[in-house]
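Below is one structure; the comments refer to it alone.
Readers should treat all values here as calculations from the given coordinates under stated rules, not as data from a laboratory. Not measured: the values here are computed from a predicted model. Here the Cβ positions follow ideal geometry from the backbone for every residue, glycine too, while neighbour counts run over all protein chains shown.
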Amino acid sequence: MKRRIFILILACCGLASCGGEQYSDLRQFVKESDNLPRGRIPPLPDVKPYEPFTYDAYALIDPFKPRKIEPPKTVAGGGIQPDLTRRKEPLEAYPLENLRMVGTLQQNKATYALVKGPDNNLFRVKPGNYIGQNFGLITEISEATIKLKEIVQDSGGDWTERISTLTLAEEAGK
């Protein structure tokens, strides 16, 4: 019972504290806001009627299917093609980006290049060896580069030659 009376007295004090002149500035602001000019909302635009569209592009060329723009070339002898029957060499298992030239050496007037694979194995190559996954034939070895001729397939399915180089890798400590 005492608890109920205490809560009732506390509620009356709380309500009494909300009244009085301490919120007169808020009441004044609300009265002034009523006298301000009101904004105008523009009317909604007219709704256009729905016009159905018939899709007739079934006979057109599919833009997502790869096609060659020029007609296929016919070359006597079949053009450039890699020798798919040739036995693969060990360095043809790795992409050219993962191989590093780390040095050269000469033996009996022949120049060899030292190539390190991604698994840190060291290989000795000479002109005529194959390297990389694009049928790269080593054509020349110098002190700082290995030049090779790759045979790659374009988007139309034709084989083309591309000249690439593998340069001497600088050591991180130098």
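Couple of notes before you dig in:
- Each residue of segment 51-58 was assigned a 3J(HN,Hα) from its phi angle through the Karplus expression (A = 6.51, B = -1.76, C = 1.60, θ = phi - 60°), giving 10, x, 10, 9, 7, 10, 8, 5 Hz with x at Gly and Pro.
- Amide H contacts under 5 Å for Ser142, placed H, 5+ residues apart: Lys147
- Between 0 and 90°, nearest 10: helix 2-18 axis offset from the chain longest Cα axis: 80
- Put simply, the amide H of Gly103, placed in the peptide plane, has neighbours under 5 Å in Leu114, leaving out anything fewer than 5 places away on its chain.
- In the chain, Cα pairs under 8 Å separated by at least six residues give a relative contact order of 15 percent.
- Expected 222 nm ellipticity per residue - DSSP helices of 4 or more, -39500 (n - 2.57), all of the chain, to 500: -5500 deg cm²/dmol
- Magnitude of the charge dipole for the chain, about its Cα centre and with charges confined to Cβ atoms of Lys, Arg (+1) and Asp, Glu (-1), is about 700 debye.
- Sequence-distant contacts, meaning Cα pairs under 8 Å at least 6 residues apart, place the relative contact order of segment 94-167 at 23 percent.
- Here the Karplus curve 6.51 cos²θ - 1.76 cosθ + 1.60, taken at θ = phi - 60°, turns the phi angles of segment 136-153 into couplings of x, 9, 6, 9, 8, 10, 10, 4, 10, 9, 10, 9, 9, 10, 9, 10, 10, 9 Hz, with x standing for Gly and Pro.
- Whole-Hz couplings from phi, Karplus 6.51/-1.76/1.60, listed for segment 102-109; x for Gly and Pro: 10, x, 10, 8, 10, 9, 6, 6
- Helix 24-35 and the longest principal axis of the Cα set of the chain meet at an angle near 80°.
- Under-5 Å amide H pairs with Asn129, H placed in peptide plane, nonlocal only: Ile138
- For Glu161 and Leu60, the FRET efficiency from 1/(1 + (r/R0)^6), where r spans their Cβ atoms and R0 equals 35 Å, is about 0.50.
- Spin-label proximity, Arg87 to segment 128-145 - amide N less than 19 Å from point 7 Å beyond Cα toward beta carbon: 128-132, 135-138
- R0 of 25 Å, Cβ-Cβ distance Lys149-Glu170: FRET efficiency to nearest 0.05: 0.50
- Pairs of Lys residues in the chain are counted when their Cα atoms are under 27 angstrom apart and they lie 8 or more places apart or on different chains; the count is 19.
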